[in-house]
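This report refers to the structure that appears directly beneath it.
Just so you know, all these numbers are worked out from the coordinates, no wet-lab data involved. Note that this is a predicted model, so its numbers are computed, not measured. No Cβ is skipped: glycine too gets one built from the backbone with ideal geometry, and neighbour counts run over all protein chains shown.
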Amino acid sequence: MDRNRHTTDESGFDFMANSGQEEQDRDTLGIAFAVLIIAVLTVFQYWKLY
Amino acid sequence: MHKRRLKTISLVFFAWLTALAWPGLARSAAPEDLPRGLTPAGDMAFMPKLAGLRNKTYHNQYGHEKSLSEAIVLRGSDIAEGRATVPAGGLFYISETSGDAAPLSRDPFLVLGEHAYLVDLATDQHRIQNFSVAQGEKKPVGDTGYRMWFDYATDHYEKPYAELALVAPSGGWPLEFPIASEFPDREAVLDLKTGEGHQPQLEKFYLDSEYLYGATRFKAAKVGFEEATFESITFPAITEATFAMSRPVALEVRQEDYRLYFDKRIYAFRRPDGFLVRVTDFWGRKVFGEKLIKPVTAQGYKTLMGEKDKYHLTLPEIDLRVEIIIHPSWMKHSDFVPWRVGKAHGFQHGKLEFVIYDDLLTVRHGEPWPLDERYTVILEPDLKTGMLKRLVLENAEALVFDNQHTRYKGPVKWSEVWNRPAFTVVADDFDGDVVRQLYVRDYYWMRTDNMVHWPADGRYNIDFFVGSSPVLEPILEHSFLTRLADPSLGTVVEESRFTSYPKVISDASFYEPDHTAPFVPRLKGLMRKLSRNRKGERLLSAESIFIRGSYVDYDNNRIVIPPAGLCYSSRNARNIRSLAGEKFFMLGKWAYLTSFESSTYVRKNVHLDAWKNRPMGDGNLMYWQDELLGVRNKALRFNKSFYLDDRPVAELSLMKYSGNRWGAHFFLAQGLDPQGGNRYRMPELFAEGATYIVPEYVGANYVKLKEFATPSIEAISFTYKKPKEVLLSPGGTVKLGGFTLRCTTVDAAARTVALQLLDEHGATVTEKVLGPLDAATIDLLPQYQEAARSVQLMYADVQAEMDVKNPFEDGKARLWLYTGIQRLERDTPFEFDARFVVHPDVCGHCYQFNEILLDNPEPIILDKANPVYEGPRGRDGKPLFRIVIDDFDGEMIHAWHIETEYRGKIEKTDNLAFRPRKNLDVLVGVTGTVEGFLRLSMLPRLGFMESWRTGAKAPATKLSGSVNTGGSAHIKR
Amino acid sequence: MFTLTVLTLTALLLFLATSATLYMGVFKAHREGAGWPRKLFSGLAASALSAIFWAGAYGYHYLGW
Amino acid sequence: MSTANTATFTDYDRTRTSFFSALYRFQRVLPGLLAMLMISIFSNNLAGAPNPFTLENLFHWLDGVIGPVNHQPVFGILNSNFVWNPLLLGLIIGNAFGVPDTWKPGLSYIHMLMPLGIIMLAPHFMLWHATKLGVVPIAIIVASLFFTATATLLIAKWFKLDDRHGSIIAGGLSTGDPHVCAILMPLIKAKGGQVVNALVCVLVFGLVAMMALPYLGAWLDIPQSCFGLASVVGVGNGHQALSAAFARGYEAGRYALWYDIGRHVIMPAGFIYVFIVMFIRKLRYRNDPSVKATGHLNSFPLWLGVFIFFWILTTLHVFKEPAHHAIFNMVKWDFSLAASALGLSLSFKDIARPGLKGLAVTFVAGSLRIAVLLAALVVCIKTGLLPVAP
């Protein structure tokens, strides 16, 4: 089967593929950023910065 | 151009020939036939927004703020047999500025969507002699296109005074002016000698027969109840206006040298009295023109017709106008330059700049719009300054729409790129007498929603108003109340979105409710009834509730209604008078006024500061500069100042305790002398009824008042029991409460009645000779307290008074008897509920009782634990109403309502937070007070209503650029 | 102040991102083999275009017109 | 196919130092990130990016030119929003010009952005806000959600539709919110083509329902205020529901706005329910090759737990008004970026591949929902359970 020209590069990296350790790490990063953004925005309001 | 002129000439010739042949045809249309000055139909559609209609705030060369707006209006249309007809002048485009636009100040103006600048004006004056108008009429004032509207007449001492307005062709008018011919004029107050503080009632009623308003002057000959006749009416006219359609270019002046402006040289040669400016071609060979001009500065006299030519060089052949101004960076807050900074760059000494305007467009009043002959130009001046207020383009010929002719193009707009019609009116799907499709498409090809709100039913006219122009407010004067009370959508409530800066006020006295406050026109349990007084006059009595200044204290998860925030108000359609058995509502029960105690509150040497810059920068009104007049009576406010012929004019207003303004604003200026060549006149002192102001000094941001007086009411007496009429012959007795009333003598010739009041033992407790009810007394009735008291016998809780109209009959005296009288003093706890204080309010003209208010002296706190608050309780201990918070999350109020108990049934309003709200402000019931609040917020409210109707999210704070919901754009309170 | 800071930083991000996009996407100056003059002028041109665009767009935030 | 993929997969495991390794090297991801950013800022009016040349503004202008339908903008009815616009733009660019290889590492950030955005959505759903509607409307809304989700899953099984596709449709249809299709994507492990196909199915059904419902309402003589509820529950999709309600009358439109809050705040329950059902099914039939939904997930995803945690905090009113708005602005940024990557990843063929079966499932399930809903409404109105506004 041909590589999907939309998602896979010449080295075989498929950006829509998501599994294993890589997936877990991406999830972790997502969680970390989300918690960070929500916390910062919320706390800043409580501190009356905006 | 040449062709057009030929055509015009031939047309004129043809018209002249026709006129010769048949004089009846010479008048194309009588002023009465044109809809100028008239309003669209009461059920016209209003659409606040269309992309092509701009609404922006710009600044002129001196940093003055100008709020500009545009609108498209259709009026006077009629549909019959599948055809809609619109008379000439029925469809018009309107562009309006706040204040005015004058030459030599680079005043911005919108011209069919283009951001243009007014550069020149030619002004004139209309003078009309011996003009009369009947009450209720809107009569054309000569052939000026203006109409005089006689709104209403009322009386003092039974003599008439009237409120009128001069309506411009577009339908706009700045204010209603009071005028009379039977009272002492304003200067007469100078003869008064009063002390300070509470003083006795003034005997005279002051109202001038001349109303002065800058460039406008009305001089009344005879003002009656049914007709008003004017000796003369003078008001300004504009014959010609020139706009620069694009942004000017500023170049530093180089003395004795030239600056290149594209392919032209502009020279400046220093002369003792200005610069000789010369414009040549690129090589300096061909001189296009030269002239000695002086640098422009802010003094107003330079706009005088005889003066303004000294300040510019205009060369229409090469489309160029040159002025010289002081370096614009000096002009703080000017948007002459794209960066507008909060701080001046610093004055650069002696630096002068050319300001070069091009794309000049000159329009003449009453002549065709230069880009489109189908439209006629109307230039409406500001009646105060005589400078340009509105540009109106109206259709010159009548129009017809039917299913074959569905669209009509608006005037062609000037554009840098492509001159094209500014809009298209589309009316389609005609069906007998109705139309089902109506919209306007702008020059961006964007359109409004269908302006037939119920297409299945259709509409019987195609009148509309599209755009957020403040001229809508006077136009809607007749229909705004029914419009705002439109029951088809339930209670119209607009969301008031969350803000981290709620307007927190510690006391809501003199404030008005939020402009997004829901309006509930009708709630069972709040009375609204007609009654008749002894004279048979119809009186409308009504009750209302309003909440003002409330806010969510989101840090503490609660809702706060500040002191004076929760108000119950009851009033009649006019003030309530004694000696006439007039009644009003007191918590749902009829109460009869028996007498009143009024005084004149006088202050001398009052300092009044203008609050020029609202410190929050957000339009949040700060009332610190208000001067209070007596305790919780009225407050004097310095709204703004401006210059007329370089003299400062102060604009003051008088605020009532309820947050409503009293009457129109008043203007004071000193030394404007028509003999001295001034264009303008303003009164040097103010006197209207019993309120007067004598200034000592009027400055631009300070006014010193020598003397200021206004009525104040301390107490009223009333009873819940209906008065009884008796005829007593001398010696006759009648039971009066716990007493017996005996008539000792009746003297019809001297017009007196002697009365005795006896207790149960037959002992005389008091006696009094009522009257004489002679001409001198009658002349002061019913308003003058002393005169009124002279025909009343008052003792304990009873009162007997003479009938003022027919006091005697067959040797008997006709008397009116009252029992169970209570005295109600200002700022005392309400008899049945000490949580509220009573506050009778006075009319500012006379000394009559006008309104009764009950409000809370302590803040009211509502939260999850206390979601219900009971309004004032009546005699039965039951509250008149309850405030119920149904759903509140600590930040936003999601559901709340007001309920009453009426005839054993609980009556609830709709949810007053249909969309989440941040305050509890509300208006329930219709009284004059609520009407005043609605009038001040009419445009944003109507705008809300339209977005509400289509389910769209309403703009959070502003309806659009210049009209913000903090108040009507052009009326500062 | 906080909002202003965030707004300014976002503006900076948008400016840098847009110049980088133009640099890489339009001028393709990031490719290996591109000489330094190309890199320099592409960089300048990309920043200038980006600055002009965002100055215009952001100008709407505070200008009165 | 698998060799290259496996190579990358093993490469990652070999070179990984910490979870930050999933961000790769800045130089490697920069082109892709820039592509996402550019597509986003030319798709939507995003907070802090005052670009006037956006697809959103173009649609707004077109809305103005076309004129409203039942007072609703046409592109609003077509669900143009912060997910759909960048997706469309990405789809056009990807199909017209292809996707350069240099972009691909950066585009892989989509997998980080999806959980990130979904978690940040939590402050949006304040359950208490629905309480003002009253018990019966809430019960109808909740019952409809679970009924529709269950029925759609069963019908999809009956139609032998790919279970991932069916799950996405179930989520989108039951909540009445096409965003849920995107939200369910990382949970169900659905293919991009299936998600967009499902989204189109839900939208097309919404359009048909929007046009049909006013007639049904008039035929059954459902009062306007109740019809507002019927259109919110029966049609969903924001402007589509409003348009259906306004087609009946202004009062119905007004009440659609009123009831919409109920549908909105319980939306997360919809996608969590669909996910849990499919996840348990997967765990039960681990070896069934036709069970593809939730893919290789072996445990309950942690980030969904974080979402639920924040949802609870929201319900406790931890996020106050301005913070909530600020967070939602970040959600818009996040979903715009993710959707642009998703759009780039798809060819039109991918979207067409799942065929029309999904549409059939949507129509059967949706029609069933409307039938049951209208029956329930009629019963509630007749018995007086549902308050009818005067």
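In the list D:Ser243, D:Ser225, which residue meets the criterion of being touching a strand residue (DSSP E or B) at 6+ places or on another chain (Cβ under 6 Å), at the interface with chain B (Cβ under 10 Å from one of its Cβ atoms), assigned to a helix (DSSP H, G or I) and not aromatic (Phe, Trp, Tyr)?
Values: D:Ser225 fails: touching a strand residue (DSSP E or B) at 6+ places or on another chain (Cβ under 6 Å).
Unique residue meeting the criteria: D:Ser243.
Residues in the stretch B:239-262 include none that are under 22 Å from the mean Cα position of the chain (by Cα) and among the β-branched types (Val, Ile, Thr). Could you tell me how many of the residues in the stretch B:598-608 are surrounded by fewer than 21 Cβ atoms within 10 Å (Cβ to Cβ) and either under 17 Å from B:Tyr818 (Cα atoms) or of a type in the set (A, V, I, L, M) (or both)? Count: 1. Listed by first and then second residue, the pairs with beta-carbon distance under 9 Å, at least 6 apart or on different chains, first residue in the stretch D:21-35 and at the interface with another protein chain (Cβ under 8 Å from one of its Cβ atoms), second surrounded by fewer than 16 Cβ atoms within 10 Å (Cβ to Cβ) and of a type in the set (Ser, Thr, Tyr), are D:Ser21/D:Thr15. Number of residues in the stretch B:432-455 that are of a type outside the set (Val, Ile, Thr), within 10 Å of another protein chain (Cβ to nearest Cβ) and in a loop (DSSP other than H, G, I, E, B) equals 7. Going residue by residue through the stretch B:552-574, is there one that turns out to be of a type in the set (Val, Ile, Thr), within 30 Å of the chain's Cα centre (by Cα) and closer than 23 Å to B:Phe718 by Cβ? Looking through the stretch B:552-574, none of the residues is of a type in the set (Val, Ile, Thr), within 30 Å of the chain's Cα centre (by Cα) and closer than 23 Å to B:Phe718 by Cβ. Of these, B:Ser595, B:Ser570, which one is surrounded by 24 or more Cβ atoms within 10 Å (Cβ to Cβ) and not hydrophobic (A, V, I, L, M, F, W, C)? That would be B:Ser570, the only listed residue that is surrounded by 24 or more Cβ atoms within 10 Å (Cβ to Cβ) and not hydrophobic (A, V, I, L, M, F, W, C). Each residue in the stretch D:293-317 was checked for being more than 14 Å from chain A (Cβ to nearest Cβ) and part of a loop (DSSP other than H, G, I, E, B), and 1 pass.
So, B:Val769, is that one more than 39 Å from the chain's Cα centre (by Cα), part of a strand (DSSP E or B) and surrounded by fewer than 17 Cβ atoms within 10 Å (Cβ to Cβ) or not?
Values: more than 39 Å from the chain's Cα centre (by Cα): yes; part of a strand (DSSP E or B): yes; surrounded by fewer than 17 Cβ atoms within 10 Å (Cβ to Cβ): yes.
The answer is yes for B:Val769.
Of the candidates B:Asp463, B:Asp514, B:Asp486, the single residue that is in contact (Cβ under 8 Å) with a residue 40 or more places away in the chain, within 27 Å of the chain's Cα centre (by Cα) and within 14 Å of chain D (Cβ to nearest Cβ) is B:Asp486. Consider the stretch D:39-54 and keep the residues that are surrounded by fewer than 21 Cβ atoms within 10 Å (Cβ to Cβ) and at the interface with chain C (Cβ under 10 Å from one of its Cβ atoms). The one that is nearest to the chain's Cα centre (by Cα) is D:Ala47.
Just one of the listed residues (D:Ala352, D:Ala339, D:Ala365, D:Ala326) is more than 22 Å from D:Leu213 (Cα to Cα), more than 14 Å from chain B (Cβ to nearest Cβ) and buried (at least 16 other Cβ atoms within 10 Å of the Cβ), namely D:Ala339.
Within the stretch D:192-244, the set of residues being of a type in the set (Ser, Thr, Tyr) and more than 23 Å from D:Gly134 (Cα to Cα) comprises D:Tyr215, D:Ser243. Among the strands (runs of 3 or more DSSP E) confined to the stretch B:379-425, the ones with at least 2 residues that are among the charged types (D, E, K, R) are located at B:388-395, B:407-409.
Do any strands (runs of 3 or more DSSP E) lying entirely in the stretch B:517-575 carry at least 1 residues that are touching a residue at least 24 places away in the same chain (Cβ under 8 Å), in contact with a helix residue (DSSP H, G or I) (Cβ under 7 Å, 6 or more places away or on another chain) and not polar (S, T, N, Q), and which ones are they?
Numbers: elements: B:528-532, B:538-547, B:551-553, B:558-561.
The strands (runs of 3 or more DSSP E) meeting that bar are B:538-547.
Counting the residues of the stretch D:56-84 that are touching a residue at least 60 places away in the same chain (Cβ under 8 Å) and on the phi > 0 side of the Ramachandran plot gives 3.
Which strands (runs of 3 or more DSSP E) does the stretch B:54-95 wholly contain that include 3 or more residues that are within 25 Å of the chain's Cα centre (by Cα) and among the aliphatic types (A, V, I, L, M)? Can you show your working first?
Numbers: elements: B:55-59, B:65-74, B:78-80, B:83-86.
Filter on the stretch B:54-95 gives B:65-74.
Just for the stretch B:795-809: of the residues that are part of a loop (DSSP other than H, G, I, E, B) and in contact (Cβ under 8 Å) with a residue 40 or more places away in the chain, which one is farthest from the chain's Cα centre (by Cα)? The qualifying residue farthest from the chain's Cα centre (by Cα) is B:Ala796. When the residues of the stretch D:92-132 are filtered to those that are more than 10 Å from every other protein chain (Cβ to nearest Cβ) and in a helix (DSSP H, G or I), the one that is nearest to the chain's Cα centre (by Cα) is D:His124. Does D:Leu207 meet the test of being of a type in the set (A, V, I, L, M, F, W, C) and more than 13 Å from D:Ala256 (Cα to Cα)? Considered against the rule, which asks whether it is of a type in the set (A, V, I, L, M, F, W, C) and more than 13 Å from D:Ala256 (Cα to Cα), D:Leu207 comes out as yes.
Run down B:Gln785, B:Gln792, B:Gln822 and say which single residue is in contact with an Asp or Glu (Cβ under 6 Å, 6 or more places away or on another chain) and in contact (Cβ under 8 Å) with a residue 60 or more places away in the chain. Even if it seems obvious, please write down each step before you answer.
Numbers: B:Gln785 fails: in contact with an Asp or Glu (Cβ under 6 Å, 6 or more places away or on another chain); B:Gln822 fails: in contact with an Asp or Glu (Cβ under 6 Å, 6 or more places away or on another chain).
Exactly one of B:Gln785, B:Gln792, B:Gln822 is in contact with an Asp or Glu (Cβ under 6 Å, 6 or more places away or on another chain) and in contact (Cβ under 8 Å) with a residue 60 or more places away in the chain, namely B:Gln792.
Scanning the stretch D:160-192 for residues that are under 10 Å from D:Val361 (Cβ atoms) and in contact with a Lys or Arg (Cβ under 6 Å, 6 or more places away or on another chain) gives a single hit, D:Leu161.
Does D:Leu161 qualify as being away from chain A (no Cβ under 14 Å), in a loop (DSSP other than H, G, I, E, B) and either more than 25 Å from D:Ser80 (Cβ to Cβ) or in contact (Cβ under 8 Å) with a residue 24 or more places away in the chain (or both)? Yes, satisfied. Quickly run through the stretch B:128-148 and pick out the residues that are in a loop (DSSP other than H, G, I, E, B) and either in contact (Cβ under 8 Å) with a residue 40 or more places away in the chain or not small (Gly, Ala, Ser) (or both). B:Gln135, B:Glu137, B:Val141, B:Gly142, B:Asp143, B:Thr144, B:Gly145, B:Tyr146 - these are the residues of the stretch B:128-148 that are in a loop (DSSP other than H, G, I, E, B) and either in contact (Cβ under 8 Å) with a residue 40 or more places away in the chain or not small (Gly, Ala, Ser) (or both).
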